[in-house]
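Novice: What follows is a structure written as structure tokens; I'll ask about it next.
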């Protein structure tokens, strides 16, 4: 995945605004989800297992979203017609997100891209990247609820690398923490300042 240019993927783009979440707050969020150096190492190991399975992971996730009308609605017109080009455009970025979750340092650059992902779910930027006539935002409740399926469905893929049960569990827990951390950051634009 990492060698291919992905339209709309802006990780490391110097033109992205700096995240309004300071690094000190990121450190507190990491502590809140018990995310540490061992988790970063487990995620790097997870990428070695997942790198050749990204398309299969995306197939599972897309099947899940596609089987729920209320979820595919976020990739549809306001009248409810799925936008195939939108689903296709998001897919490689979703694949890059898997890679980034596992391989990127959780630093200021990463934090700024999390903010970009966050606002792309809100009226501030939803639909702009792919210039689609879809609904104006993704409900925050589904961002939060999606933590579970994104976490539960990754475990069989992590198990495919021939690692011990303990190693698979460490990778899975690190993934769970990383997804929870990111979703916590993605909720920021939904709440008024001071909340």
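The values are calculated or read from the model by the stated rules, or taken from the named source; none is laboratory data. Note that the coordinates shown come from a computational prediction; the quantities given were computed from them, not determined experimentally. Every residue, glycine among them, receives a Cβ derived from its backbone with ideal geometry; neighbour counts consider all protein chains shown.
Novice: Given the structure, is residue 152 surrounded by fewer than 14 Cβ atoms within 10 Å (Cβ to Cβ), modelled with pLDDT under 95 and closer than 24 Å to residue 106 by Cβ? Outline the logic, then answer.
Specialist: Details: surrounded by fewer than 14 Cβ atoms within 10 Å (Cβ to Cβ): yes; modelled with pLDDT under 95: no; closer than 24 Å to residue 106 by Cβ: yes.
In short, no.
Novice: Let me ask something else. Return the pairs, sorted by first residue and then second, in which the second residue is part of a loop (DSSP other than H, G, I, E, B) and surrounded by 12 or more Cβ atoms within 10 Å (Cβ to Cβ), the first residue lies in the range 1-30 and is on the phi > 0 side of the Ramachandran plot and at pLDDT below 95, the beta carbons are less than 6 Å apart, and the residues are 6+ apart or on different chains.
Specialist: Pairs that qualify, where the first residue is on the phi > 0 side of the Ramachandran plot and at pLDDT below 95 and the partner is part of a loop (DSSP other than H, G, I, E, B) and surrounded by 12 or more Cβ atoms within 10 Å (Cβ to Cβ): there are none.
Novice: Another question about this same structure. Could you grab me the full set of residues in the range 34-49 that are in a loop (DSSP other than H, G, I, E, B) and out of contact with any helix residue (DSSP H, G or I) (no Cβ under 6 Å at 6 or more places or on another chain)?
Specialist: 34, 36, listed by residue number.
Novice: Further question on the same structure: Report, by residue number, each residue of the range 41-55 that is over 11 Å from residue 98 (Cβ atoms) and surrounded by fewer than 18 Cβ atoms within 10 Å (Cβ to Cβ).
Specialist: The answer is 41, 44, 48, 52.
Novice: Which members of the range 14-33 meet the condition of being part of a loop (DSSP other than H, G, I, E, B) and either surrounded by 12 or more Cβ atoms within 10 Å (Cβ to Cβ) or touching a strand residue (DSSP E or B) at 6+ places or on another chain (Cβ under 9 Å) (or both)? So that I can check it myself, show each step before the final result.
Specialist: So the first thing to find is which residues in the range 14-33 are part of a loop (DSSP other than H, G, I, E, B), and the list is 14-22, 33.
16, 19, 20, 21, 22, 33 - these are the residues of the range 14-33 that are part of a loop (DSSP other than H, G, I, E, B) and either surrounded by 12 or more Cβ atoms within 10 Å (Cβ to Cβ) or touching a strand residue (DSSP E or B) at 6+ places or on another chain (Cβ under 9 Å) (or both).
This table checks each residue for (1) touching a strand residue (DSSP E or B) at 6+ places or on another chain (Cβ under 7 Å); (2) over 22 Å from residue 21 (Cβ atoms).
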{"residue": "91", "(1), (2)": "no, yes"}
{"residue": "95", "(1), (2)": "no, yes"}
{"residue": "105", "(1), (2)": "no, no"}
{"residue": "108", "(1), (2)": "no, no"}
{"residue": "119", "(1), (2)": "no, no"}
{"residue": "131", "(1), (2)": "no, yes"}
{"residue": "134", "(1), (2)": "yes, yes"}
{"residue": "144", "(1), (2)": "no, no"}
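Novice: How about the range 164-179: which of its residues are surrounded by fewer than 18 Cβ atoms within 10 Å (Cβ to Cβ) and in contact (Cβ under 8 Å) with a residue 12 or more places away in the chain?
Specialist: Once the filter is applied, which keeps residues that are surrounded by fewer than 18 Cβ atoms within 10 Å (Cβ to Cβ) and in contact (Cβ under 8 Å) with a residue 12 or more places away in the chain, the range 164-179 yields 167, 173.
Novice: Having 2 or more residues that are farther than 21 Å from residue 68 by Cβ and touching a helix residue (DSSP H, G or I) at 6+ places or on another chain (Cβ under 6 Å) is the bar; report the helices (runs of 4 or more DSSP H) wholly within the range 137-195 that clear it. It would help to see each step written out before you state the result.
Specialist: Numbers: elements: 140-145, 147-152, 155-159, 165-186.
It comes to 155-159, 165-186.
Novice: Within the range 75-92, can you find the residues that are under 17 Å from the mean Cα position of the chain (by Cα) and either surrounded by 20 or more Cβ atoms within 10 Å (Cβ to Cβ) or more than 20 Å from residue 142 (Cα to Cα) (or both)?
Specialist: Once the filter is applied, which keeps residues that are under 17 Å from the mean Cα position of the chain (by Cα) and either surrounded by 20 or more Cβ atoms within 10 Å (Cβ to Cβ) or more than 20 Å from residue 142 (Cα to Cα) (or both), the range 75-92 yields 75, 86, 88, 89, 90, 92.
Novice: Identify all residues within the range 185-195 that are in contact (Cβ under 8 Å) with a residue 40 or more places away in the chain and over 11 Å from the mean Cα position of the chain (by Cα); write none if there are none. Reasoning before the result, please.
Specialist: Step one: of the range 185-195, the residues in contact (Cβ under 8 Å) with a residue 40 or more places away in the chain are 185-190.
Of everything in the range 185-195, those that are in contact (Cβ under 8 Å) with a residue 40 or more places away in the chain and over 11 Å from the mean Cα position of the chain (by Cα) turn out to be 187, 188, 189, 190.
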